[in-house]
Amino acid sequence: MTRLSPPMRRRTPIALALLGAFSLPGAFAQQATQPAAAATSTPPPATSAAGVSAPGTLREVQVQGDQDKSGFGANAGSLNRLPADLRDAPQSITVINQAVMQSQGATSLSSALRNVPGLTIGGAEGSQIGTNINLNGFSARTDIFLDGARDRAQYYRDTFALDSVEVLMGPSSMLFGRGSTGGVINQVSKKPSLTPAGEVSLSASTTGLVRSTFDINRPLSDTSAFRIAAMGQQGDASTRDQSKLKDFGLDASVKFGINTPTQVTLSALVQHNRDMPDYGVSPLNGRPAKVGRDTAYGFDDDRTISDIQAFSAVVLHKLTPDTSIRNQTQYNDVTTDARETAPQSIGTLSAKGVFTPFSTGTTAVPAAAFSTLPLESLWVRQQSHDRTIHDKSLFNLTELNTKFETGSIKHSLLAGLELGRDTYSNQAYYRNGTCAGVALNPVGGTSGYASCTPLLAPFQGNSPSTAPSLPGNLATASATTVAGYVNDTIELNPQFKLVGGVRQDHYRASIQNSISSATTLAAESQTVDFTSVRAGAIWQPTPAQSYYVSYSTSFNPSLEQLVATTGSTQPLPPQKNKSYELGGKWDLNDGNLSLSAAAFRITQTNARSQNSDGTYSATGTVRVDGARAGIAGRVTDKLQLFGAYTHLDATIIDGIAPGTLGKTPGNTPKDTASLWATYAITPEWEIGGGATYSAKRFVNNTDLVQVGGYTRFDAMLAYHQPKYDIRLNLFNLSNHRYYDALIQSDGGRAVPGSGRAATVTLTYRL
């Protein structure tokens with residue numbers, strides 16, 4: 001949620017309400033005429049500047065500097081490309097800090113991002129491995145960043161090493177380069193400080209998952225410190241079958257020159273994941289097949305093994321009190337070895353063992369399988385999705401921040417240079433098998449149909465020996481990025497500011513395939529030169545309120561993900577995106593509570609989608625008109641809220657494939673909302689709870705398959721002591737059946753969410 005920096009003086013009440021869509025937040029703000037009472041007992045325990053809980057007076061709020069470390073209000077902006085005071089950014093920004101994640105028991109990036117309405121989980125174009133996100137109706141798989149550096153590899157991201165997660169809404173290529181149609185997700189890692197602190201936690205879930213984390217921060221001298229965070233977990237991630245995981249990770253960082261003109265931060269993240277993929281269930285009669293919620297169609301020896309290595313070096317030098325230069329080098333190396341089996345289609349099995357699918361479908365134009373036969377008589381064809389992926393990236397960013405005046409006008413200038421290199425290889429494998437002894441694949445085919453199984457009672461066991469793993473296509477790719485950008489925030493007077501920026505990107509990518517076909521070229525290359533712009537105006541009539549209007553653009557090269565999206569003979573033109581946004585941000589309760597609201601329009605041209613022959617077209621236009629509102633922080637000294645609502649009116653206004661004109665883009669619900677609240681009953685006891693709501697969604701762009709809307713309720717009970725906390729988190733209290741991630745391919749699959757579960761966590765402060 002957007003968090004305005006609390007001033008040192010008492011806030012004044014809002015005297016003016018924003019017209020139209022902002023009248024409600026304005027009215028709410030006008031009521032906040034009294035500052036918050038002195039905080040003597042609050043929900044979470046005191047937290048140190050290092051970001052980990054530290055012993056202290058029981059339940060007392062420790063406000064260090066201008067930030068309440070134990071509150072749900074957002075941290076100051078972490079990126080040099082954004083102002084520390086986020087009200088000076090003319091766009092919606094949601095910050096999910098460590099207090100929110102701990103309170104909710106969020107241990108993965110995906111679970112933390114459920115606090116962002118308008119963000120859904122889904123499969124990305126070309127692959128379904130890892131943390132895949134749709135934001136404001138558009139894929140954001142390659143729009144994930146780690147401390148401002150692109151984190152494009154395919155793996156499942158954990159929160160053990162994160163201090164917060166920042167979500168910037170709307171096209172942001174001027175700041176972040178290619179991508180960012182719907183927005184950007186930036187992971188903010190834990191960093192060392194001079195305040196000694198540490199904690200260790202152990203949790204156990206009713207699903208069988210056991211997890212432990214460790215986080216320690218220690219000074220090395222008056223100007224240096226180190227920090228180490230670690231994680232290990234094993235067991236079933238959810239109530240669904242075939243959801244076992246075994247992960248561990250270590251994040252270490254050291255910082256030199258703290259509180260001196262030159263600071264150097266070195267960090268390393270090493271993580272190993274062994275997870276079981278979940279490809280959900282196939283569609284039948286326009287909806288996910290009505291099978292048991294915990295039914296899965298993979299094999300026991302399916303697994304996704306990822307080894308993640310990320311190394312960073314940041315040098316920050318202050319030339320003068322108003323001028324600094326920052327250089328960041330980020331190297332990521334991720335290897336993923338996947339053996340995955342998906343339900344490819346539903347059909348019948350003849351007496352002779354011949355499987356006949358109701359529909360074969362494609363990614364872009366799936367046929368909604370229809371049948372009046374009893375479910376007991378239906379079978380599922382299982383397809384292998386095996387591959388070994390190696391992703392490497394090396395990026396260097398140099399940024400200059402300076403403040404100066406031209407007469408009575410103040411400037412905050414950012415200038416940057418980005419250099420990057422990505423390499424990628426994907427060795428595909430396939431398992432051609434049989435169904436009831438009858439071959440599922442034609443002679444010489446590489447479809448990878450491994451077996452078949454009853455719809456209602458899938459076979460348990462390993463992949464059949466009749467389906468050996470054989471190598472398929474080897475895809476290799478590389479890309480280079482050279483970009484320069486400049487942005488100026490101009491303060492005309494204390495109430496009015498203008499923001500303007502421009503960025504020039506030179507992006508070149510090439511792809512090679514060892515096996516070519518009508519839809520896979522032996523080689524492709526693409527060079528894109530694109531100019532991104534950003535402009536905004538901000539009005540801040542008082543320190544407690546800010547209103548803005550903005551315009552921004554972004555672009556998506558067709559080879560952005562370093563996988564082929566061929567238009568038969570040559571790469572497609574880049575998708576082009578533009579956004580208009582009008583919004584307001586308010587601070588209440590002496591800066592302890594933040595409200596935000598915005599209305600926006602995002603338009604994408606050259607939108608692409610897969611044709612029935614497997615090629616792609618880029619002739620479509622997608623428009624999303626939306627509005628959002630949110631709240632974060634302390635309502636009273638005992639009550640905290642973190643919530644938001646988003647409305648998306650998304651329409652394909654130029655058909656990107658046959659049957660899509662006028663349809664709603666896949667995985668884009670019209671209305672979504674979330675609310676989380678905690679209340680300190682006594683200094684020791686805290687309760688909390690919340691709800692997550694989503695309207696119905698279509699699985700793909702033809703709107704032939706949909707999943708229903710749902711509301712999920714969670715709860716929390718915590719007991720706090722100076723040296724330890726005990727927290728009970730309850731998930732899906734009503735045991736409601738809902739669908740979590742959506743995957744467009746094979747007619748549109750849907751992954752059911754977990755049933756009712758509970759987790760107990762003990763956290764001990766060192």
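The values are calculated or read from the model by the stated rules, or taken from the named source; none is laboratory data. Because the structure is predicted, anything quoted here is derived from the model rather than measured. With ideal geometry, Cβ positions are generated from the backbone for all residues, glycine too; neighbour counts draw on all protein chains shown.
This table checks each residue for (1) crowded, with 21+ Cβ neighbours inside 10 Å; (2) in a strand (DSSP E or B); (3) free of Cβ contacts under 8 Å to residues at least 60 places away in the same chain.
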site	(1), (2), (3)
GLN309	no, yes, yes
HIS317	no, yes, yes
ILE325	no, yes, no
GLN328	no, yes, no
TYR331	no, yes, no
THR336	yes, yes, no
PRO343	yes, yes, no
GLY347	yes, yes, yes
GLY353	no, no, no
Of all residues in the range 373-398 being over 31 Å from the mean Cα position of the chain (by Cα) and either outside any strand (DSSP E or B) or among the β-branched types (Val, Ile, Thr) (or both), which is nearest to ILE511 (Cα to Cα)? VAL380
In the range 637-678, what count of residues is obtained for those that are within 24 Å of GLY747 (Cα to Cα), of a type in the set (S, T, N, Q) and in contact with a Lys or Arg (Cβ under 6 Å, 6 or more places away or on another chain)? 2
Would you check which residues across the range 519-558 are of a type in the set (Ser, Thr, Tyr) and part of a loop (DSSP other than H, G, I, E, B) and list them? THR519, THR520, SER558
How many of the residues making up the range 255-264 are out of contact with any Gly (no Cβ under 9 Å at 6 or more places or on another chain) and crowded, with 17+ Cβ neighbours inside 10 Å? 3
Given (1) under 22 Å from SER103 (Cα atoms); (2) surrounded by fewer than 23 Cβ atoms within 10 Å (Cβ to Cβ); (3) in contact (Cβ under 8 Å) with a residue 60 or more places away in the chain, index of the condition ALA618 fails: (1)
Among the numbered criteria (1) among the polar types (S, T, N, Q); (2) part of a strand (DSSP E or B); (3) over 27 Å from TYR710 (Cβ atoms), which one does THR636 miss? (2)
Filter result (farther than 20 Å from ALA750 by Cα and outside any strand (DSSP E or B)) within the range 679-705: ILE681, THR682, PRO683, GLU684
If you go through THR651, THR682, the only one that is among the polar types (S, T, N, Q) and more than 24 Å from ALA140 (Cβ to Cβ) is THR682
Restricting to the range 274-289, and then to whatever is within 30 Å of ALA161 (Cβ to Cβ) and part of a strand (DSSP E or B), can you tell me which residue is modelled with the highest pLDDT? ARG274
Does GLY433 satisfy the criteria of being in contact with a Phe, Trp or Tyr (Cβ under 8 Å, 6 or more places away or on another chain) and free of Cβ contacts under 8 Å to residues at least 60 places away in the same chain? yes
State yes or no: is VAL443 over 30 Å from ARG508 (Cα atoms) and touching a residue at least 40 places away in the same chain (Cβ under 8 Å)? no
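Residue-wise test of (1) outside any strand (DSSP E or B); (2) over 21 Å from the mean Cα position of the chain (by Cα); (3) among the polar types (S, T, N, Q).
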| site | (1), (2), (3) |
| --- | --- |
| SER203 | no, yes, yes |
| SER212 | no, yes, yes |
| ASP215 | no, yes, no |
| MET231 | no, no, no |
| ASN259 | yes, yes, yes |
| SER267 | no, yes, yes |
| HIS272 | no, no, no |
Collect the residues in the range 399-440 that are in a loop (DSSP other than H, G, I, E, B) and surrounded by 18 or more Cβ atoms within 10 Å (Cβ to Cβ), keeping them in residue-number order. ASN432, GLY433, LEU440
From ALA535, ALA544, ALA475, which residue is within 30 Å of HIS390 (Cα to Cα) and either in contact (Cβ under 8 Å) with a residue 60 or more places away in the chain or of a type in the set (A, V, I, L, M, F, W, C) (or both)? ALA475
PHE459 meets each of (1) crowded, with 16+ Cβ neighbours inside 10 Å; (2) among the hydrophobic types (A, V, I, L, M, F, W, C); (3) without any contact (Cβ under 8 Å) to a residue 40 or more places away in the chain with one exception, condition (1)
Exclusive hit being within 27 Å of SER212 (Cα to Cα), assigned to a strand (DSSP E or B) and over 19 Å from the mean Cα position of the chain (by Cα), set LEU728, LEU733: LEU728
Does ALA112 satisfy the criteria of being in contact with a helix residue (DSSP H, G or I) (Cβ under 7 Å, 6 or more places away or on another chain), aliphatic (A, V, I, L, M) and outside any loop (DSSP other than H, G, I, E, B)? yes
